[in-house]
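First up is the structure itself, then whatever we jot down about it.
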Amino acid sequence: MAKNYYPPLEAGKVYHIYNKGINGENLFRSDENYKHFLKLYNHHCSCVVETYAYCLLGNHFHLLVRVKEILPTYGDLYPEFSKDKANKKVLKTVEPSRQFAHFFTAYAQGFNKYFSPIRTGSLFQSPFKRLVVESDSYFSNLVSYIHRNPQKHGFVEDFKTYPYSSYHSHLSDKITRLDRKEVLEWFGNREEYIKFQNEELDESLIEDWIIEEDDDFL
């Protein structure tokens with residue numbers, strides 16, 4: 001099996017998904033880039049995953065998601081397919097990994113257009129990295145790890161001040177596409193969630209599952 005091979009995303013499984021810019025290139029250069037990334041993510045990926053946590057940082061991002069048990073068909077997502085009775089794709093189940101690929105392509109195209117003619121070609125590394133989250137401890141510490149990434153990489157002195165992560169969305173009353181309720185209930189309640197996030201993270205607890213390469217962020 002090739003070293004950079006990752007099995008397709010499977011229904012019902014929880015994943016830590018990570019990707020970065022090709023050759024360490026920045027994925028986000030403006031506030032509009034961050035907003036557009038999340039908009040396209042919702043458009044392409046919310047149909048196949050539930051999102052628990054995220055963080056967007058310069059040249060990489062982290063997601064904690066669960067692939068939905070029941071996946072839509074292409075006919076569900078693209079009604080135009082239903083008009084063609086001979087199109088066998090109408091009843092075909094949408095492939096989560098392919099939706100992420102569509103998402104990366106759409107963002108890269110928009111990014112290149114935004115910075116044209118300076119920026120052309122691929123933007124993301126391929127394939128995107130993913131690891132199955134198989135333990136309660138891993139899930140809990142991963143939420144904290146994802147939120148602490150901006151502080152770890154020197155973007156801010158306190159991760160709680162960073163604007164492009166799910167930390168504040170978890171604590172907000174505003175409408176969100178995040179599975180906020182599930183996350184807060186996972187930790188017990190809002191107060192216990194805050195307490196856990198504020199505790200110093202021992203990365204040795206999840207070092208076997210950290211999928212970024214720190215040398216790329218120096």
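The values are calculated or read from the model by the stated rules, or taken from the named source; none is laboratory data. Just so it is clear, the structure is predicted and the values come from calculations on it, not from any experiment. Positions of Cβ are backbone-derived with ideal geometry, glycine not excepted, and every protein chain shown enters the neighbour counts.
Could you pull out the residue among Phe100, Phe111 that is among the hydrophobic types (A, V, I, L, M, F, W, C), in a helix (DSSP H, G or I) and over 19 Å from Tyr5 (Cα atoms)?
Details: Phe100 fails: over 19 Å from Tyr5 (Cα atoms).
Checking each option against the conditions leaves just Phe111.
Report, by residue number, each residue of the range 9-30 that is surrounded by fewer than 18 Cβ atoms within 10 Å (Cβ to Cβ) and at pLDDT below 95. Full working, then the answer.
Of the residues in the range 9-30, the ones surrounded by fewer than 18 Cβ atoms within 10 Å (Cβ to Cβ) are 10-13, 22-26, 29-30.
Matches in the range 9-30: Ile22, Asn23, Gly24, Glu25, Asn26, Arg29, Ser30.
Out of everything in the range 38-86 that is of a type in the set (S, T, N, Q) and assigned to a strand (DSSP E or B), what residue ends up being modelled with the lowest pLDDT?
Within the range 38-86, the subset of a type in the set (S, T, N, Q) is 42, 46, 51, 59, 73, 82.
Next, only the ones that are assigned to a strand (DSSP E or B) stay: 51, 73.
Working: Thr51: 98, Thr73: 87.
Only one residue fits best here, namely Thr73.
Where residues in the range 1-27 are over 16 Å from Lys129 (Cβ atoms) and touching a residue at least 40 places away in the same chain (Cβ under 8 Å), which of them is farthest from the chain's Cα centre (by Cα)?
Glu25
Listed residues Lys181, Lys160; which is over 15 Å from Cys55 (Cα atoms), among the basic types (Lys, Arg) and either part of a helix (DSSP H, G or I) or touching a residue at least 40 places away in the same chain (Cβ under 8 Å) (or both)?
Working: Lys160 fails: over 15 Å from Cys55 (Cα atoms).
The match here is Lys181.
Across the range 108-124, which residue is modelled with the highest pLDDT among those that are of a type in the set (Ser, Thr, Tyr) and more than 19 Å from His44 (Cα to Cα)? Walk me through how you get there before you give the answer.
Applying the first criterion (of a type in the set (Ser, Thr, Tyr)) to the range 108-124 yields 114, 116, 120, 122.
After this cut, where a residue has to be more than 19 Å from His44 (Cα to Cα) as well, the list is 114, 116, 120.
Numbers: Tyr114: 80, Ser116: 76, Thr120: 76.
It comes out as Tyr114.
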